[in-house]
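Laboratory data are not the source of any read-out in this text; all were calculated from the coordinates shown. This is a predicted model, so every value here is computed, not measured. Please note: Cβ atoms are built from the backbone with ideal geometry, for glycine as well, and neighbour counts cover all protein chains shown.
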Amino acid sequence: IVHESEIWKPDPYDVESIHSHAREVFERLLNQIKDERAGTGKIWLLKGESGAGKTHLMRVFRNRLHETGYGYFSYMQMTSAESNYPRYILRQTLDSLEKPYVDDPTGSVTGLMRLSRALVEERRAVSRQEQQKLCEAEMGIDEVIEFVDKLAYQLVNLEEYKKVDRDLLRALLFLQRDEVEFKSNVMKYLRCEDISERDRQWIGMMPALTADDDPQRLLQGLGCLIWALDAGVLVLCLDQLEYMYQDNADSAQRFRNAVQSVNALVSHCPRLLVLVSCLEDYYVPLRIQLIKTDIDRIEHDPPPTVLNAVLEREATEALIARRLEVLYDFSAVEFDNKTPLYPFPDGVLDALAGLRVRDILNRCRELREQSMLTQQPPVLNGVPTDVNEPPETGNTGGEPFLEWEQRWNDFLVQATLPPPDNDSDMQQVLVQALKHCTDELSSYHVSAQPAKGGITLAISAHEQTPASSFVGLCNKSAIGGALGKQLREVEVAAAGKPLIIARSTAFPSNPNTKIAQQIVQLISQGVKRVVIEDSDWRAMTAMQAFKAQHLGSSGFAGWLAASQPLSLRPALKTILGLEELSNPDNSGVSGNTDNTGKPNHPEPIPIPIPSDKTLIQLGQSRGFKPVPVTLDKDDLTRHAAFLGGSGSGKTTLALNIIEQLLQQGIPALLIDRKGDLSSYAKLFQATQAADMASEKDDNPALQRFLAQIDVALYTPGDERGRSLGISIILKGMGELPTNEREQMAAYAALALGGMMNYKPQGPTKTRLAILNKAIFVLAELSMGLQIGLDDLIDFIANQNSELIYAIGQLETRHFKKLVEDLETLRLLNGKLFTEQRESLDCETLLGLGSQQQPGRTRLSIISTLSLGHDANVLFWVSQLLLELGRYARRQPSNQLQCVVLFDEADLYLPATGKPATKEPLENLLRRARSAGIGLMLATQSPGDLDYKSRDQISNWFLGKIKESTALNKLKPMLSEAKTDIEARLPNQETGQFYVIREGQVSSLQARRSLVNAEQVPEDEILHLAQRLNPHTS
């Protein structure tokens, strides 16, 4: 069972191939909603029996949305306790927005503050100086209000913000001030609660939103704002619809009201996606209560998705193997892909056939426990055969755990007690909440006593000596020195105990301020920081009343221990130190353990856009009367995919298109994995050497083509050819808005970490998080300088104060192991990171500026052969993808500017796994469409390609495809085509394709390319690269 607290964390056990169809639907819906032509939002119904994995998918969707930065996710369980459903959705959405945006050990900003930060970094309306004044200048209340009004007016004058309510903009701008009074009253405003006249003075006398329709309007405003800021999507997840089922008229009316409220939201907010999850059996009686128009809205565009709880054999194996792999990772034991189920015995898959996902995991857990008792490998006779568990139900009965979850959820909805708004009340509420955690943590006893300036805390496990600490409440403003004084006071009050400084607003964000340096000093001494959000205070306050009402009730104590509704909240979890208590120190375990035991830069130069609208000649149709098949070159801004087995002619077709584009002045970039694409360099060099006379005479078209192009061949990783240097920090990264810089840093850290076998989960998670922050901070400090691996290593090794401030609760002792791993990487792969005469740069690759040859168009080929193993290739290509993304941001165009061919694209965008190239390529597929960069993906293993981004690709060329896995994955796309071609794909001959564009299907006998791509040996590629390099020739 997935608990609500787990929704906000990545799932290390997730298997992408399980419920792959639902994942593809989610991606397609996001793409459709992000399309500027979208008229309304979407409602998507997920049905399935108990244990099918519905809530698990919600967790997957949330993490997918936030990891990619595509939007904001709100999760809530359905409730029958609220008559005004928009108010319930709004308040649950705000609670969700107060969760960390991503799961980051260094302490991620919340979704709400991420929105506020993006707003104040809108450079078309707010200058850097104005941002700094709002966040750091000492101003009185009236002066702050006047300045916020000015900024809000500047924002609404931008076209994107004209539909956003100015008061909503003001509210989010007020959050940039670190006074508690601003935040607490902004939260009341956003939650549509009543606000006293005295409190309204803190927010410029903005009217309290207490009308019945105010929550609906504010939700719509949030959706519009998310779109205006990030072109993002707001996803509302309404889980466990069955909780609405009660056999009475009042409940039925509330259910209808809830559905109608959701429909109204979707109708008025085109950037909204609502996910509704329900037990399949319960949807039938609930559906009867709805009118036809509501049913149509829920069940059409898209239709409901039914999740199968019973897995196929292959999926069962993947499910178990993934958990074993994670276990081995934590234990620093090498996982053997040849025996992925070890130590489970042969026949375990047969024994588990026909079981639900939940039952499979339960049976494996029982086998493991049996094995731990006997100290022998698990045996199958220990698997119980009775798997008929009672189904989950709604409020009419069922598991006590789920009943108590619903009661607590309903109580929170109806709670009217306001959160504490002064240090004294906060201290009292926090003391009671910490004491309460003893009832949630069965293995620990928590003692909390109020003290001057904070709380004395002691935690003991069983009969062990209590671990003492001091929680200092530090809510004074950082502006004017009040927070600095308070920090000194709580440091004295701690009297040598480990200190945790707790605050209700964000800590100062500028690491160069005096107060930030003071906090860095404290962090260096082991002090932790924690922000207690408004939703945390409300939950702690509500728990006191809820516990008083139900203490002693049957099942209550068990629910507290299982659900841990307070202790799993990030703030309390940090205060209690639960990560340290539950996980032993893994800092000395290397991700590279060899254990063989069983398992200021110039503006970009615009590419001249030729006015010629000549069509690309693809070939001719197949049939009784063949006709030419063409493609407008600008259609390639929506990308193209070429799928077909070996010998299908897919690469030849792609090269034919590229050759014609080059002749029209469109530069091209080819990523050559096998050496065959380097044939262009071989022919071009021969032409330059004038030893191709006979072939020129025989093929005048080839002669004209070679006279129009300028070929550059690069061999990254090998200076004997023409290497390209790469910077750890993407050029211009420091100037990006914070949200984008965070995303780029995460991509770069994942790529670099991948070369050290770092993973987002497991013992290397902490080092990967620090690496991420180091790249992020260094990008801002370097501001356009070339940053190499040596610079990054020195930055971390010297324990830079800005980096210490950025890593949150993490300790600097982790730096040493990270530096050692980076040094090892530099020694083993130094050729990738050494400074080169030429650096990875789009202007260079596309032949612009000083690289431009009059009358010729650049064809750049990057041979990855010299990079060696796949980890190096993936790292280098990920850097290329980031560079292409940088160019796309800085040089948008509605017309085709260039094309990039990724041969054997399944390596970069695989169906399973998450290499360093996957998210950057998915991101580029979206971004490049508005930048005139056409991506061309070719693969001879279409079954291994990920199709979640297929809506971003408008041109599909399908050659001979025989593999059943590939055909099954193509079925969703083939089913939308107006002609049934599935049975014809396996029988096509070389050069025969079916072209699918916008659902239209046409047959094609492809035209051959001028150049016959034949493999060129690696040594010859190095020689050609050097000969064609103007710096050495």
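Mind putting a number on the dipole of the chain about its Cα centre? Charges go on the C-beta only, +1 for Lys and Arg and -1 for Asp and Glu, and I need it in Debye to the nearest 20. Show your work: numbers first, answer last.
Working: 110 positive and 135 negative charges, 279 e Å.
The calculated dipole for the chain is roughly 1340 debye.
Which pairs, out of Lys682/Lys918; Lys150/Lys183; Lys34/Lys633; Lys476/Lys528, put more than 28 Å between their alpha-carbon atoms?
Values: Lys682/Lys918 31 Å; Lys150/Lys183 19 Å; Lys34/Lys633 24 Å; Lys476/Lys528 17 Å.
The pairs that break the limit, which is 28 Å between Cα atoms, are Lys682/Lys918.
Looking at the chain only, what percent of DSSP beta bridges run antiparallel? Nearest 5 please. Provide the component values of the computation, followed by the final result.
Values: 34 of 93 bridges.
Of the beta bridges lying entirely in the chain, close to 35 percent run antiparallel.
At a 10 angstrom cut-off on C-beta neighbours, averaged per residue, how do the peptides 1010-1020, 875-885, 958-968 rank from highest to lowest?
Highest mean packing first, the order is 875-885, 958-968, 1010-1020.
Under 17 Å Cα-Cα from Lys650, which lysines qualify once same-chain neighbours fewer than 8 residues away are excluded?
Here the lysines satisfying the reach criterion relative to Lys650 are Lys674, Lys960, Lys962.
Around Gln1026, under 12 Å between beta carbons, what's the net of Lys plus Arg minus Asp minus Glu among the other residues? Present the calculation step by step, with values, prior to reporting the outcome.
On the way: positive: Arg720, Arg722, Arg1027; negative: Asp718, Glu719, Asp1019, Glu1020.
Neighbour charge sum, excluding Gln1026 itself: -1.
Starting with the highest mean, order 620-626, 713-719, 734-740 by the number of other Cβ atoms within 10 Å, averaged over the residues of each peptide.
Packing proxy ranking, top to bottom: 713-719, 734-740, 620-626.
Once the dipole of the chain is set up with Lys and Arg at +1 and Asp and Glu at -1 on Cβ about the Cα centre, which of Ser930, Leu265, Gly496 lies farthest towards its positive end?
Toward the positive end, the furthest listed residue is Ser930.
Taking the beta-carbon count within 10 Å as an exposure proxy, list Ser96, Ser554, Ser371 from fewest neighbours to most. Mind showing how you got there, number by number?
Values: Ser96 23, Ser554 9, Ser371 16.
So the ranking, lowest neighbour count to highest, is Ser554, Ser371, Ser96.
Structure shown: which of Lys47/Lys573; Lys188/Lys514; Lys99/Lys163 lie over 29 Å apart, alpha-carbon to alpha-carbon?
Working: Lys47/Lys573 33 Å; Lys188/Lys514 32 Å; Lys99/Lys163 27 Å.
Cα-Cα > 29 Å for Lys47/Lys573; Lys188/Lys514; rest within.
So who's got an amide H within less than 5 Å of the one on Cys898, skipping anything under 5 residues away but keeping other chains? H placed 1.01 Å off N, in plane.
Result for Cys898 returns Gly934.
Read through the labelled values (1) 143, 97, 61; (2) 95, 63, 63; (3) 115, 114, 71 and report the label of the one computed as Cα extents along the principal axes in Å from the structure.
(2)
Taking the Cβ of Ser648 as the centre, find all other residues whose Cβ is under 11 Å away and add up their charges (Lys, Arg: +1; Asp, Glu: -1). The partial results should precede the final answer.
Working: positive: Lys650, Lys960, Lys962; negative: Glu989.
Net local charge, Ser648 excluded: +2.
Given contacts defined as C-alpha pairs under 8 Å and at least six residues apart, what's the relative contact order of the range 203-326, whole-number percent? All intermediate terms of the calculation are to be shown ahead of the outcome.
Values: 80 pairs, mean separation 32.0, N = 124.
So the answer I get is 26 percent.
Could you grab the relative contact order for the range 649-797? Cα pairs under 8 Å, six or more apart, rounded to a whole percent. Before the final figure, lay out each step's value.
Values: 109 pairs, mean separation 28.9, N = 149.
About 19 percent, as a whole number.
From the phi angles alone, apply the Karplus equation (6.51, -1.76, 1.60; θ = phi - 60°) to the range 166-180 and give each ³J(HN,Hα) in whole Hz, x where the residue is Gly or Pro.
Working through the residues one at a time gives 5, 5, 5, 4, 4, 4, 5, 5, 4, 5, 6, 7, 9, 6, 4 Hz.
Once a ≥ b ≥ c are taken as the square roots of the eigenvalues of the Cα gyration tensor of the range 836-930, is the result rounded (a/c under 1.5), prolate (a/b larger than b/c) or oblate (a/b not larger than b/c)?
oblate
For the range 274-342 and the range 430-470, what is the separation of their C-alpha centers, rounded to whole Å?
With the range 274-342 and the range 430-470 each reduced to a Cα centre, they are spaced 39 Å.
I'd like the Karplus ³J(HN,Hα) series for the range 925-935: coefficients 6.51, -1.76, 1.60, θ = phi - 60°, whole numbers in Hz, and an x wherever there's a Gly or Pro.
So the Karplus estimates, Gly and Pro as x, are 4, 6, 5, 5, 4, 8, 10, x, 9, x, 9 Hz.
Taking the Cβ of Leu307 as the centre, find all other residues whose Cβ is under 9 Å away and add up their charges (Lys, Arg: +1; Asp, Glu: -1).
0
Of Gln1000, Val1011, Thr990, which is farthest towards the positive pole of the range 981-1033's charge dipole, taken about the Cα centre with +1 and -1 on the beta-carbons of Lys, Arg and Asp, Glu respectively?
About the Cα centre, the residue reaching furthest to the positive side is Gln1000.
Which one, Ser442, Val629, Pro418, is farthest towards the positive end of the dipole of the chain when Lys and Arg carry +1 and Asp and Glu -1 on their Cβ?
Result: Val629, furthest along the dipole toward the positive end.
Okay, helix-only estimate at 222 nm for the chain: each DSSP H run of n ≥ 4 adds -39500 (n - 2.57), divide by all residues, round to 500 deg cm²/dmol; what do you get? Mind dumping the intermediate values first?
Working: 39 runs with 458 residues, N = 1033.
Here the helix-only value at 222 nm equals -13500 deg cm²/dmol.
With charges set only on the Cβ (+1 for Lys and Arg, -1 for Asp and Glu), what does the dipole of the range 859-1003 come to about its Cα centre, in debye to the nearest 20?
Working: 17 positive and 16 negative charges, 99 e Å.
Computed about the Cα centre, the dipole is about 480 debye.
Restricting the count to DSSP beta bridges whose residues both fall in the range 890-995, what percent are antiparallel, rounded to a multiple of 5? Provide the component values of the computation, followed by the final result.
Numbers: 3 of 8 bridges.
Just about 40 percent of them are antiparallel.
Normalised by the number of residues in the range 841-1000, what is the relative contact order in percent for Cα pairs under 8 Å and 6+ residues apart?
Working: 196 pairs, mean separation 30.3, N = 160.
Computed value for the range 841-1000: 19 percent relative contact order.
Please state the charge dipole magnitude for the range 407-523, taken about the Cα centre, from unit charges on C-beta atoms (+1 on K and R, -1 on D and E), reported in debye and rounded to the nearest 20. If you can, show how the numbers build up before the last one.
On the way: 9 positive and 9 negative charges, 94 e Å.
Once rounded to the nearest 20, the dipole reads 440 debye.
Mind ranking 294-304, 178-188 by how tightly packed they are, going by the mean number of other C-beta atoms within 10 angstrom, highest first? Show your work: numbers first, answer last.
On the way: 294-304: 14.5, 178-188: 21.9.
The most tightly packed comes first, giving 178-188, 294-304.
Convert each backbone phi in the range 132-137 into a coupling constant with the Karplus relation 6.51 cos²θ - 1.76 cosθ + 1.60 (shift: θ = phi - 60°), then list the ³J(HN,Hα) values in order as whole Hz, x for Gly and Pro.
After applying 6.51 cos²θ - 1.76 cosθ + 1.60, I find 5, 5, 4, 7, 10, 6 Hz.
Amide H neighbours of Ala467 under 5 Å, at least 5 residues apart or on other chains, H built in the peptide plane: list them.
Excluding prolines and chain starts, which carry no amide H, the hits are Ile459, Ser460.
List every residue whose amide H lies under 5 Å from the amide H of Gly71, counting only residues 5 or more places away in sequence or on a different chain, with H placed 1.01 Å from N in the peptide plane.
Val233
In whole Å, what is the distance between the alpha-carbon centres of the range 175-229 and the range 842-875?
Their Cα centres are 51 Å away from one another.
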